[in-house]
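Take a look at the structure set out below.
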């Protein structure tokens, strides 16, 4: 127990002065049992409310799912489930659960808990539910026995299995105890934990977007035989400013930065004795969207003129320092379903002028002023807009770069009328399936979402994407997506620029890190720290 | 005295209501869809529509405003779209850090600024005065983010004396929360290690935040003292053989600080606003960094609540400033 306060003003002043004068207290991450992450935190801690890259960091460490993506390239492997079966028509999926799994609250996981978790996702109807709402209702998720969960889909949906790792399994016991008026305890779980993962959330050490501590779960179902010296505590201390983030890594205050390190910081960090930059190819594509409903973007030649006017290699090599790979497809080029023989668009202002002339001959208003909207807090997006502006000026096109915040940019894409001429964004890996990219970007049924904001419509492509969604088995689906992508590339609805190379600053004391594009290397189970 | 406070509070209320109206309208007219942002990247239009209805964003703006004012009157600022917690509790959790930082910065500005201002006035048109004038102009002109980075490079990276960022070391356990003020809680718990660590962490942010205020206080104090030194009572005091230090600190300064006190009052509000940048650079977990997040993510409830809170602080500090004026010159308390 702490000693009670028995000090006078002079003593306090003395302590304060001594504390302020005492040097050498700057290194915070030297404790070999504590990993200090400088990466961003999700908006809250409920894995059924938020679904983005920072949340994957929380999910992979504090929660478990039925299956999980592991390794690079990603493979989907059994996790809380031991195996699964699917009916011939792809409508009924059954998962057999691993016995003896314990939640952090000490209770044992059963099939009813899995049913509750999926029903909670559907009930909240927030981001992670997007993949399931069209094909699943609460009554179609059942537990025929203590260790078997059954899903009966409304329609065949091949990406269902790829999306299974999205859902974290939670303990209903702790959640239901904190429910108010049937709210699924969303306020409570936003600041607490209810999982079974290798690390436990410490709710008293959580402040939204500022700090979070997790401690090791010695009873994790996989045990710790694979890692004799695991990290005992993960301290998330997000660093907001890039310059501070790099300095914090270089003076040992944090063990890792985020994964969007600017290319110009690579040499500086690599010259350090205590840190280095880890480069990993991820599945995250960079796109310039064109609003296909607004003239002249409703004209194929006009779209091709714009596609030939972007300086791909200049952007990748000169601005990004070569830390990205040119990807001419509307999907990561390291995923199945890519037609490798299809030719993308290259930077050629002569061709751009030719297509521009053709478009103008067809009545397309190429001389009107254009706007490209970018995230103003993202240097790379801004630079892409400025580079495009400069090249388009050479062929007589006037482009204005307009900054905005992510929320506004996506809100604008709700209708074709409010969607800007062009805008810039990335599409990350939410689940590893062509559905995550071309499926949701170019099937016209998704118009109104930011992912489908080019408002592209081709009946043949719609039919192919829907067929790909309803067909089981990667081998059978791959040629369908290849055919769809070939047609999409001919129609040139957008400008596809690159697939990302992730740059993350890491402390040299980190050992055993395993990378997977899902989670972007944030899983801590295998990591240990050298003293 | 009580009548004076009541009058000032009465005058502050319409200003705060006006602030609420303007902020509410501004937040609602920008082309931002809170429900879409709340629903997340992978949300379908149906999910967004459901959230829009739940949050009452489909109702007329007047109706939304009336509901909001009713809630504010009950100190209910709604729920943050992202943290999913009550905005009031988020603010309550973060305000102590901002207030601590602001008071530390203000303390540095006052305790260093006033003596320097007096010194500059006493050495009028001599080299110390020139140096202080240049320094005070630089203090106002230098950007906080640049000064912060310079301090970080020198004291954290080069000399290794002070922490780079944060409120407490990651490896230091936090004292039990009693008041919410980290240093005070450390003292209450007898956690001297945590107190020392917290003091270490606040030095650079407080120095950065104090710079602009310090420069202003030096300039205002210098001008006030110079003006007072021209008065007959100073010549009389000198002729009567008063010690120089007594004359300056007891009589001249007291007659010179009216403008400085006003300036300090204005500075307080300015420091809370200036904390937005400083807290972001140093990852100091106060209202400033919370506000930046809210703006970037379009968290309307948070933006409204923080703006109103800063307005209330401004109004309170103005009333306090008037009171201090009154204590220095009691005749002012009688004025309406």
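The values are calculated or read from the model by the stated rules, or taken from the named source; none is laboratory data. Because the structure is predicted, anything quoted here is derived from the model rather than measured. Because the Cβ atoms are built from the backbone with ideal geometry, glycine has one as well, and the counts that use them run over all protein chains shown.
Considering only the range A:426-434, I want to know if a residue exists there that is part of a helix (DSSP H, G or I) and buried (at least 23 other Cβ atoms within 10 Å of the Cβ).
There is at least one residue in the range A:426-434 that is part of a helix (DSSP H, G or I) and buried (at least 23 other Cβ atoms within 10 Å of the Cβ).
Taking the stated definitions as given, is residue A:100 under 27 Å from the mean Cα position of the chain (by Cα) and touching a residue at least 24 places away in the same chain (Cβ under 8 Å)?
Spelling it out, it is not the case that residue A:100 is under 27 Å from the mean Cα position of the chain (by Cα) and touching a residue at least 24 places away in the same chain (Cβ under 8 Å).
Scan the range A:236-262 for residues that are away from every other protein chain (no Cβ under 11 Å) and in contact with a strand residue (DSSP E or B) (Cβ under 6 Å, 6 or more places away or on another chain) and jot them down.
Correct list: A:256, A:257, A:259, A:261.
Would you check if residue B:151 is in a helix (DSSP H, G or I), touching a helix residue (DSSP H, G or I) at 6+ places or on another chain (Cβ under 6 Å), buried (at least 17 other Cβ atoms within 10 Å of the Cβ) and without any contact (Cβ under 8 Å) to a residue 40 or more places away in the chain? Spell out the reasoning first.
Working: in a helix (DSSP H, G or I): yes; touching a helix residue (DSSP H, G or I) at 6+ places or on another chain (Cβ under 6 Å): yes; buried (at least 17 other Cβ atoms within 10 Å of the Cβ): yes; without any contact (Cβ under 8 Å) to a residue 40 or more places away in the chain: no.
No, not satisfied.
Could you pull out the residue among A:208, A:172, A:144, A:198 that is more than 13 Å from chain B (Cβ to nearest Cβ), touching a helix residue (DSSP H, G or I) at 6+ places or on another chain (Cβ under 9 Å) and over 19 Å from residue A:115 (Cα atoms)?
A:198
Mind checking which helices (runs of 4 or more DSSP H) fall wholly inside the range B:232-336 and carry at least 1 residues that are closer than 30 Å to residue B:85 by Cα and more than 14 Å from chain A (Cβ to nearest Cβ)?
By residue number, B:258-282, B:300-328.
Hey, can you tell me all the residues within the range B:47-56 that are touching a helix residue (DSSP H, G or I) at 6+ places or on another chain (Cβ under 7 Å) and either farther than 20 Å from residue B:33 by Cα or buried (at least 16 other Cβ atoms within 10 Å of the Cβ) (or both)?
B:47, B:48, B:51, B:52, B:55
Given the criterion within 30 Å of residue A:478 (Cβ to Cβ) and out of contact with any helix residue (DSSP H, G or I) (no Cβ under 7 Å at 6 or more places or on another chain), identify the matching residue among A:343, A:350.
Criteria check complete, one pass: A:343.
So residue B:58 fits all but one of (1) under 25 Å from residue A:129 (Cβ atoms); (2) assigned to a helix (DSSP H, G or I); what number is the exception?
Unmet for residue B:58, out of (1) under 25 Å from residue A:129 (Cβ atoms); (2) assigned to a helix (DSSP H, G or I): (2).
Run down B:149, B:108 and say which single residue is closer than 28 Å to residue A:235 by Cα and within 14 Å of another protein chain (Cβ to nearest Cβ).
None of the others qualify; the one that does is B:149.
Just checking, how many residues over the range A:112-127 are modelled with pLDDT under 90 and closer than 13 Å to residue A:169 by Cα?
Counting residues in the range A:112-127 that are modelled with pLDDT under 90 and closer than 13 Å to residue A:169 by Cα gives 0.
Residues that are more than 17 Å from residue A:431 (Cβ to Cβ): which strands (runs of 3 or more DSSP E) entirely in the range A:38-125 hold 2 or more of them? Can you show your working first?
Details: elements: A:67-70, A:75-78, A:81-86, A:92-97.
Passing ranges, in order: A:81-86, A:92-97.
For the list (1) modelled with pLDDT under 95; (2) touching a strand residue (DSSP E or B) at 6+ places or on another chain (Cβ under 7 Å); (3) within 14 Å of another protein chain (Cβ to nearest Cβ), I need the number of the one condition that residue A:432 fails.
(3)
So, residue A:465, is that one part of a loop (DSSP other than H, G, I, E, B), over 21 Å from the mean Cα position of the chain (by Cα) and outside the structural domain of residue A:222 (by TED's automatic domain parsing) or not?
Values: part of a loop (DSSP other than H, G, I, E, B): no; over 21 Å from the mean Cα position of the chain (by Cα): yes; outside the structural domain of residue A:222 (by TED's automatic domain parsing): yes.
No.
Of the numbered conditions (1) outside any loop (DSSP other than H, G, I, E, B); (2) under 26 Å from residue B:184 (Cα atoms); (3) more than 14 Å from chain A (Cβ to nearest Cβ), residue B:75 fails exactly one; give the number of that condition.
Residue B:75 satisfies all of (1) outside any loop (DSSP other than H, G, I, E, B); (2) under 26 Å from residue B:184 (Cα atoms); (3) more than 14 Å from chain A (Cβ to nearest Cβ) except (1).
Does residue B:198 satisfy being under 26 Å from residue A:35 (Cα atoms), surrounded by 20 or more Cβ atoms within 10 Å (Cβ to Cβ) and either in contact with a strand residue (DSSP E or B) (Cβ under 6 Å, 6 or more places away or on another chain) or without any contact (Cβ under 8 Å) to a residue 60 or more places away in the chain (or both)?
Numbers: under 26 Å from residue A:35 (Cα atoms): yes; surrounded by 20 or more Cβ atoms within 10 Å (Cβ to Cβ): yes; either in contact with a strand residue (DSSP E or B) (Cβ under 6 Å, 6 or more places away or on another chain) or without any contact (Cβ under 8 Å) to a residue 60 or more places away in the chain (or both): yes.
Considered against the rule, which asks whether it is under 26 Å from residue A:35 (Cα atoms), surrounded by 20 or more Cβ atoms within 10 Å (Cβ to Cβ) and either in contact with a strand residue (DSSP E or B) (Cβ under 6 Å, 6 or more places away or on another chain) or without any contact (Cβ under 8 Å) to a residue 60 or more places away in the chain (or both), residue B:198 comes out as yes.
Could you tell me which of the residues B:69, B:30 is within 28 Å of the chain's Cα centre (by Cα) and more than 11 Å from chain A (Cβ to nearest Cβ)?
None of the other options fit; the residue is B:69.
For residue A:403, all conditions in the list (1) in a loop (DSSP other than H, G, I, E, B); (2) within 13 Å of chain B (Cβ to nearest Cβ); (3) surrounded by fewer than 20 Cβ atoms within 10 Å (Cβ to Cβ) hold save one; what is the number of the exception?
Looking at each condition in turn, residue A:403 falls short on (1).
Being surrounded by fewer than 20 Cβ atoms within 10 Å (Cβ to Cβ) and touching a strand residue (DSSP E or B) at 6+ places or on another chain (Cβ under 9 Å) is the filter; apply it to the range B:79-91 and report the residue that is farthest from the other protein chains (Cβ to nearest Cβ).
Residue satisfying both the conditions and the ranking: B:86.
How about the range A:143-235: which helices (runs of 4 or more DSSP H) wholly inside it have at least 3 residues that are surrounded by fewer than 18 Cβ atoms within 10 Å (Cβ to Cβ), out of contact with any strand residue (DSSP E or B) (no Cβ under 8 Å at 6 or more places or on another chain) and modelled with pLDDT under 95?
none
May I ask you to say which residue of A:495, A:485 is touching a helix residue (DSSP H, G or I) at 6+ places or on another chain (Cβ under 7 Å), part of a strand (DSSP E or B), touching a residue at least 40 places away in the same chain (Cβ under 8 Å) and closer than 22 Å to residue A:284 by Cα?
Result of the check over A:495, A:485: A:495.
Would you check which residues across the range A:23-42 are facing chain B (nearest Cβ under 9 Å) and at pLDDT below 85 and list them?
A:23, A:24, A:25, A:26, A:27, A:28, A:29, A:30, A:31 - these are the residues of the range A:23-42 that are facing chain B (nearest Cβ under 9 Å) and at pLDDT below 85.
Sort out which residues of the range B:163-195 are in a helix (DSSP H, G or I) and either more than 8 Å from chain A (Cβ to nearest Cβ) or touching a strand residue (DSSP E or B) at 6+ places or on another chain (Cβ under 6 Å) (or both), and write them in order of number.
B:182, B:183, B:184, B:185, B:186, B:193, B:194 - these are the residues of the range B:163-195 that are in a helix (DSSP H, G or I) and either more than 8 Å from chain A (Cβ to nearest Cβ) or touching a strand residue (DSSP E or B) at 6+ places or on another chain (Cβ under 6 Å) (or both).
State all residues of the range A:304-325 that are in a helix (DSSP H, G or I) and in contact with a strand residue (DSSP E or B) (Cβ under 6 Å, 6 or more places away or on another chain); if no residue qualifies, say none.
Hits for the range A:304-325 are A:307, A:312, A:316.
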